[in-house]
Amino acid sequence: MPVPAKAFQRWLHNVAPAASTADICRISGVKRTTLAQQLVRGKVAESTVVSISRAFGINPVAALASFESFKELAGSPVPPTPGELVSQIATLDLLRAIISRSAPPAATGGEQGPPPLAPAPHATSVRNWVDAIDDGELRHRVSAATGIAPQNYSAQLTANRLSPELAVATSREAGVGFTGGLVATGLITESEAGWAPGARQSALDGLSDGELTVLAGERLQALGKTLRRHEQDQAQTEKIWENLG
């Protein structure tokens, strides 16, 4: 959830005691009107804290951990599971890996290493992350722990978004590190989360050909369903406009 404005102002005073609001907004890229509105409402967005912390050379995870609602982020980060790492690899990169493994060395550039992976997050990173840590009951536990309706939780996953509060709650209920969901949502980067350089590539390399192919197939099947729904919705919309004349 957004952090309380009073707690934010105390944190900001410690971070930049001599900086004016105008200076802070200029350095961080946060619009003055946006920050002013958040302070008036009494709730400051987590993304604002992240932007300001980056501008002043503070790790965003450490900055968020300063607030009560994110205190679990304090301490040494728990490394992501292999499944979490693979979930943050785009489908296109999975397909490239399949082709690279199947093609003869001459066709892939000989001894050249694999092409760099696209940075996280990707188009389905949030849902893929939850699927990777879900034991079959995770969604129900998150719903019970946070009070969010299951259908609202599912709607956020379908839209490839998750509030930072829900991301941390999901990690807690799954028993994994607290930063994975924040990476999947794009709030923080892999390095800010403490992920080792090349960790995603190492997890990808650790998949057998069969595991990689099955995973890519599941991703493509899910993409196909999404595209079909979009096409059906588009056709329905066009039909309505035609009937309206």
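Numbers for the structure displayed
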read-out	value
Unmet criterion (only one of (1) surrounded by 15 or more Cβ atoms within 10 Å (Cβ to Cβ); (2) farther than 26 Å from residue 170 by Cα; (3) not polar (S, T, N, Q)) for residue 10	(1)
Subset of segment 129-138 that is more than 17 Å from the chain's Cα centre (by Cα) and closer than 10 Å to residue 173 by Cβ - its residue that is surrounded by the most Cβ atoms within 10 Å (Cβ to Cβ)	138
Which numbered condition residue 197 fails, given (1) without any contact (Cβ under 8 Å) to a residue 24 or more places away in the chain; (2) assigned to a helix (DSSP H, G or I)	(2)
Every residue from segment 13-30 that is closer than 25 Å to residue 183 by Cβ and either exposed (fewer than 15 other Cβ atoms within 10 Å of the Cβ) or touching a residue at least 24 places away in the same chain (Cβ under 8 Å) (or both)	15, 27, 28, 29
Enumerated helices (runs of 4 or more DSSP H) restricted to segment 71-178, each holding at least 2 residues that are closer than 29 Å to residue 1 by Cα and among the acidic types (Asp, Glu)	164-174
Residue under evaluation residue 63, criteria (1) under 20 Å from the mean Cα position of the chain (by Cα); (2) in a helix (DSSP H, G or I); (3) surrounded by fewer than 17 Cβ atoms within 10 Å (Cβ to Cβ); (4) among the hydrophobic types (A, V, I, L, M, F, W, C), criterion not met	(3)
Test: residue 159 is under 20 Å from the mean Cα position of the chain (by Cα), at pLDDT 95 or above and at negative phi	no
Residue satisfying condition, being among the hydroxyl-bearing types (Ser, Thr, Tyr) and touching a Lys or Arg at 6+ places or on another chain (Cβ under 8 Å), within set 124, 170	124
Residue 3 being in contact with a Lys or Arg (Cβ under 8 Å, 6 or more places away or on another chain), more than 25 Å from residue 199 (Cβ to Cβ) and open to solvent by less than 20 Å² (accessible area, probe 1.4 Å)	yes
Selection within segment 223-235 - without any contact (Cβ under 8 Å) to a residue 24 or more places away in the chain and closer than 24 Å to residue 127 by Cβ	224, 225, 226, 227, 228, 229, 230, 231, 232, 233, 234
Residue identified as open to solvent by 60 Å² or more (accessible area, probe 1.4 Å), among the small types (Gly, Ala, Ser) and within 11 Å of the chain's Cα centre (by Cα) among 167, 123, 144	123
Filter result for residue 47 (out of contact with any His (no Cβ under 8 Å at 6 or more places or on another chain), part of a helix (DSSP H, G or I), open to solvent by 40 Å² or more (accessible area, probe 1.4 Å) and of a type in the set (Ser, Thr, Tyr))	yes
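Here is a yes/no grid of residues against (1) of a type in the set (A, V, I, L, M, F, W, C); (2) open to solvent by 100 Å² or more (accessible area, probe 1.4 Å); (3) closer than 30 Å to residue 47 by Cβ:
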{"residue": "196", "(1), (2), (3)": "yes, no, yes"}
{"residue": "199", "(1), (2), (3)": "yes, no, yes"}
{"residue": "212", "(1), (2), (3)": "yes, no, no"}
{"residue": "215", "(1), (2), (3)": "yes, no, no"}
{"residue": "221", "(1), (2), (3)": "no, yes, no"}
{"residue": "244", "(1), (2), (3)": "yes, yes, no"}
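The values are calculated or read from the model by the stated rules, or taken from the named source; none is laboratory data. Quick caveat, the model's predicted, so the values are computed rather than measured. Counting neighbours? That spans all protein chains shown, and the Cβs are built from the backbone with ideal geometry, glycine included. Accessible surface areas use protein heavy atoms only, side chains included; no ligands, DNA or RNA. Shrake-Rupley method; radii C 1.70, N 1.55, O 1.52, S 1.80 Å.
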